[in-house]
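Take this structure first; my questions come after.
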Amino acid sequence: GAALMEHMLHEAEERKMVLLSLEVRVSNEPAIALYERYGFERVGVRKRYYSDNGEDAAVMMKRR
């Protein structure tokens, strides 16, 4: 996961992106911890986002 995140952040920098966002299952604590280590912050929730079980998604963003 860390290698993929580093690649994505490098690509975002190359493209001069200033705002990055993602959604992650609220139950996926390891992924949330990884995203937080890379500077993402929780900014909201998408209720019943996942169609397989109706789980909420945490919305996370990072500004460069």
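Of all accessible surface on the chain at a 1.4 Å probe, what whole percent is carbon and sulfur? Present the calculation step by step, with values, prior to reporting the outcome.
Numbers: 2230 of 4660 Å².
Percent of accessible area from carbon and sulfur atoms in the chain: 48.
Next question, about the same structure. Relative contact order for the chain using alpha-carbon pairs under 8 Å, separation at least 6, rounded to a whole percent? Can you show the working numbers first?
Numbers: 80 pairs, mean separation 23.5, N = 64.
Relative contact order of the chain: 37 percent.
Would you calculate, for the chain, the mean residue ellipticity at 222 nm contributed by helices, counting each DSSP H stretch of 4 or more residues as -39,500 (n - 2.57) and dividing by all residues, to the nearest 500? Don't jump to the answer; show the numbers that get you there.
Values: 2 runs with 22 residues, N = 64.
That comes out to -10500 deg cm²/dmol.
Kindly sort MET5, MET17 by accessible area of their heavy atoms, largest first, with the probe set to 1.4 Å.
So the residues, ranked largest to smallest area, are MET17, MET5.
Whole percent per 10 Å bin, from 0 to the bin with the longest distance: what is P(r) over all C-alpha pairs of the chain?
21, 49, 26, 3
A further question follows. For the chain, what is the accessible area per residue in Å², given a 1.4 Å probe and the full set of protein chains? Provide the component values of the computation, followed by the final result.
Values: 4660 Å² over 64 residues.
The answer is 73 Å² per residue.
The values are calculated or read from the model by the stated rules, or taken from the named source; none is laboratory data. Predicted model only: the values in this text are computed from it and were never measured. Note: accessible area is taken over every heavy atom of the protein model, side chains too, but ligands, DNA and RNA are not part of it. Shrake-Rupley method; radii C 1.70, N 1.55, O 1.52, S 1.80 Å.
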